[in-house]
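See below for the structure under consideration.
The values are calculated or read from the model by the stated rules, or taken from the named source; none is laboratory data. Because the structure is predicted, anything quoted here is derived from the model rather than measured. Cβ placement follows ideal geometry from the backbone for every residue including glycine, while neighbour counts extend to all protein chains displayed.
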Amino acid sequence: MTNLHDPIAPFRAHNFCAGPCALPVGVLEELAAEMVDYQGTGMSLIEMSHRGAEYDAVHHDTMDRFRRLFAVPDAFSILLLQGGATLQFAMVPMNASQPDDSIGYVVGGTWGKKAVADAKILRPNTYEAWNGKEGGFSAMPTLDQLDIQSGTRYLHVTSNETIGGIRMASFEDPGVRVVADMSSDYLSRPIPWDLFDVVYGGAQKNLGPAGLAVVFVRTSILEDAPQNPSYLTYKNHADNDSLGNTPPVFPIWATGKMLAWMEDMGGVEAMQSRAAARSGQVYDAIDSSGGFYTSPVNAVDRSHTNVVFRLQNEDLEKRFLAEAAEQTLLNLKGHRSVGGIRASIYNATPDDTVTALTDFMSAFASRAG
Ligand SMILES: Cc1ncc(COP(=O)(O)O)c(C=O)c1O
């Protein structure tokens with residue numbers, strides 16, 4: 001299968017999309033080759049029963065790879081769900097807290113805001129343990145900045161804010177159980193599992209195509225969960241290996257291939273060092289530009305997956321994006337809520353793509369500066 005170090009195929013664009021993400025060419029080619037006639041069955045995998053032997057093997061292989069790659073302890077169940085990370089904004093409080101529990105949220109940007117808003121609807125004692133609004137969402141809090149109320153059931157964090165381009169540089173123990181939305185840095189850093197009750201995220205940034213949310217939940221908390229409708233009950237999915245109803249067959253299949261590719265590439269540790277190196281390459285291009293490019297985020301909190309930067313004015317940013325697109329450097333526009341430029345560099349982004357960007361940045365600064 002294609003290696004991260006291989007030159008990018010000439011027909012492929014340099015894709016910096018924030019999600020859905022670029023996938024390895026080898027994964028796409030394998031899917032294409034197997035799509036119409038899966039293993040000589042005369043059917044596609046996405047046309048078969050999810051109760052059949054062929055899909056069952058794919059499903060459990062994907063689960064096993066998650067457990068191995070992410071070193072998920074036996075105390076955690078792995079759930080493969082639909083509804084994206086957004087549905088988890090509701091499912092987490094529904095399953096990990098009682099109606100009167102107080103639950104704390106770290107609001108570091110857009111996604112933390114959305115998570116806490118849904119929790120407030122479901123649990124009246126939801127509170128913000130920290131909100132980065134005053135600082136323009138340009139930094140994550142240190143432990144001593146958190147205002148954690150006594151009796152808090154859990155603290156919810158967004159480990160990487162995809163839009164603002166900031167991340168929690170390390171996971172520290174806040175003294176209560178932690179729940180993390182890891183959508184945009186999934187499997188690009190190891191997890192200290194002891195701290196966590198739930199870790200969740202959408203697959204479509206670091207793991208595979210859209211349509212799958214992956215939830216790791218401490219199984220022991222499921223016994224105490226209040227009653228919820230059946231799909232919204234983690235325990236139903238845990239007890240049935242996420243096969244209680246029809247699972248999202250295609251994204252689970254494709255994600256399994258992506259996980260196999262990640263194992264070949266050296267696993268989470270390799271993804272972590274590559275994320276640091278490749279984002280570092282773009283941050284170096286920003287920092288060495290003499291102020292032509294600027295980073296709006298606090299240096300220690302800079303995201304390793306979503307590199308956000310600005311040029312001196314919006315006209316110059318428009319020109320940057322247009323000239324970048326001419327060289328098939330695509331999807332670099334910052335989120336519509338914040339503007340600027342954003343380069344999303346996920347697990348499958350080829351090295352060449354990052355170098356093509358930094359080469360372009362320096363050439364553009366020379367001709368437009
Ligand atoms: C950190 C984070 N959380 C949640 C979401 C929402 O994910 P989904 O679109 O899968 O619901 C996103 C999407 O970009 C995200 O970046």
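Gly290 is checked against (1) part of a helix (DSSP H, G or I); (2) out of contact with any His (no Cβ under 6 Å at 6 or more places or on another chain) and fails just one. What number does that condition carry?
Going through the list (1) part of a helix (DSSP H, G or I); (2) out of contact with any His (no Cβ under 6 Å at 6 or more places or on another chain), Gly290 breaks only (1).
In this structure, is Gly104 surrounded by fewer than 17 Cβ atoms within 10 Å (Cβ to Cβ), modelled with pLDDT of 95 or more and not in a helix (DSSP H, G or I)?
no
Which one is surrounded by the most Cβ atoms within 10 Å (Cβ to Cβ) among residues in region 209-252 that are without any contact (Cβ under 8 Å) to a residue 12 or more places away in the chain and in a loop (DSSP other than H, G, I, E, B)?
Checked region 209-252; the qualifying residue surrounded by the most Cβ atoms within 10 Å (Cβ to Cβ) is Asn240.
Per-residue answers, yes or no, for (1) in contact with a helix residue (DSSP H, G or I) (Cβ under 6 Å, 6 or more places away or on another chain); (2) part of a strand (DSSP E or B); (3) more than 12 Å from the ligand (Cβ to nearest atom):
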residue	(1), (2), (3)
Ala129	no, yes, yes
Lys133	no, no, yes
Phe137	no, no, yes
Gln149	no, no, yes
Leu155	no, yes, yes
Glu172	yes, no, yes
Ser188	yes, no, yes
Ile191	no, no, yes
Val198	yes, yes, yes
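So which of Ala238, Ala299 ends up being in the same structural domain as Ala96 (by TED's automatic domain parsing) and at negative phi? Let's see the steps before the verdict.
Numbers: Ala299 fails: in the same structural domain as Ala96 (by TED's automatic domain parsing).
Residue meeting the stated conditions: Ala238.
Okay, residues lined up against (1) at pLDDT 95 or above; (2) in contact with a helix residue (DSSP H, G or I) (Cβ under 7 Å, 6 or more places away or on another chain); (3) in the same structural domain as Glu54 (by TED's automatic domain parsing):
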position	(1), (2), (3)
Lys257	yes, yes, yes
Val282	yes, yes, no
Ala285	yes, yes, no
Phe292	yes, yes, no
Val307	yes, yes, no
Glu314	yes, no, no
Glu317	yes, no, no
Gly340	yes, yes, no
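Within 16 Å of the ligand (Cβ to nearest atom) and over 19 Å from Ala22 (Cα atoms): is that true of Val178 in this structure?
Values: within 16 Å of the ligand (Cβ to nearest atom): yes; over 19 Å from Ala22 (Cα atoms): yes.
For Val178, the condition - within 16 Å of the ligand (Cβ to nearest atom) and over 19 Å from Ala22 (Cα atoms) - is met.
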